[in-house]
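Heads up, the thing below is written out as structure tokens.
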Number of protein chains: 2
Amino acid sequence: MEESSEDLKWMDEALKEAEKAGEIEEVPVGCVVVVDQQIVARGYNKRESLADPTAHAEILAIQQASRNLQRWRLSDATVYVTLEPCAMCAGALVNARVARVVYGCSDPKGGACDTLYQIGQDTRLNHRFEVTGGVRAEEAAQLLRDFFRERRKKNKRRDGREVEGA
Amino acid sequence: MEESSEDLKWMDEALKEAEKAGEIEEVPVGCVVVVDQQIVARGYNKRESLADPTAHAEILAIQQASRNLQRWRLSDATVYVTLEPCAMCAGALVNARVARVVYGCSDPKGGACDTLYQIGQDTRLNHRFEVTGGVRAEEAAQLLRDFFRERRKKNKRRDGREVEGA
């Protein structure tokens, strides 16, 4: 399915979530879950702050959506996420029976909706979802680039101090 | 890697977790996480009781292990689970950087460690883990068969009552 002005609007909300992650020095990925033109859950990557390898934006948003709606079947939901979901998150989106996934930039190293796997299109699994990629891709990628550049600078300064202090 | 007497012992613990799931009418799948010959976390499927599509045994056990150890990298962990992990859980085990995964019976409809995908062996991802399948497979499969047979019986009785009351 092609992107729409609706998609751009919701992806802007996911980008706001990604920015929150960046502010606490987490890799900036954000997600919102939309049902009936309303955001029912938001999430951003908290792997480091929660010390939890499952705390990706999508997992936290799916969990929050289920809590808010008090059901695990999210078959009326569209999930907006700034980075292409990994295998864990793509599998979670299948398990949650979501209708559609819209993502920002592709993930050449771990993307499991188009790039390395097409988990949402696998007819052997018990559910499939529609996928639209590349929505606000440049903004999503820029957030990630800025984050990693900043982190490299910080690491360099830290390494410099360590050498000085050695 | 071949199964060992250690593996049988830890899988028995995972089977106990699976039984707990069955007792609350959840699909009986159980999991334990072992580090340095000790169980650091336990989990069993709670999808229905938590109304959470991500609440598979492995996800709950990984989250508990991370909380207990206060770190997301579980590179010293072996994870024992009674049913072959799905894409979500296999992806989570990659994200958690676990060393090894031992499972009971295969999952022809969703298994992502051997059957449909080999996510733990994918050299394109940033981590790989060892996989040993078929440990206590018959016991694990029997638990699942008994559960589904019992559920079909209950549904039949319920449908019968509904017809009578109609």
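What to note about this one:
- GNM flexibility winner over chain A from A:30, A:43, A:22 (Cα, springs under 10 Å): A:22
- Ligands, DNA and RNA left out, the accessible area of region B:1-115 computed with a 1.4 Å probe is 44% carbon and sulfur.
- Buried area at the A:B interface is about 2500 square angstrom, summed over both chains, from accessible surfaces computed with a 1.4 angstrom probe.
- Across the protein assembly as shown, the fraction of Cα-Cα pairs farther apart than 33 Å, rounded to a whole number, is 29%.
- Averaged over B:72-81, number of beta-carbon atoms from partner chains that fall within 10 Å: 1
- Of all beta bridges that DSSP places with both ends in the protein assembly as shown, some 60 percent have antiparallel geometry.
- Spatially, region B:48-102 and region B:1-38 are offset by 13 Å when compared through their Cα centroids.
- Taking 20 Å as the limit for the C-alpha separation, the pairs A:16/A:153; B:20/B:46; B:16/B:46; A:109/A:156 exceed it in the case of A:16/A:153; A:109/A:156.
- Neighbourhood net charge (10 Å Cβ-Cβ; Lys/Arg +1, Asp/Glu -1) for residue B:43: +1
- Helix-only [θ]222 nm of chain A, DSSP H runs n ≥ 4, -39500 (n - 2.57) each, per residue, nearest 500: -14500 deg cm²/dmol
- Solvent-accessible area per residue in the protein assembly as shown equals 48 Å², computed with a 1.4 angstrom probe and all protein chains kept.
The values are calculated or read from the model by the stated rules, or taken from the named source; none is laboratory data. Remember, predicted model here, so these are calculated numbers, not experimental data. No Cβ is skipped: glycine too gets one built from the backbone with ideal geometry, and neighbour counts run over all protein chains shown. With ligands, DNA and RNA removed, areas are computed over all heavy atoms of the protein, side chains included. Shrake-Rupley method; radii C 1.70, N 1.55, O 1.52, S 1.80 Å.
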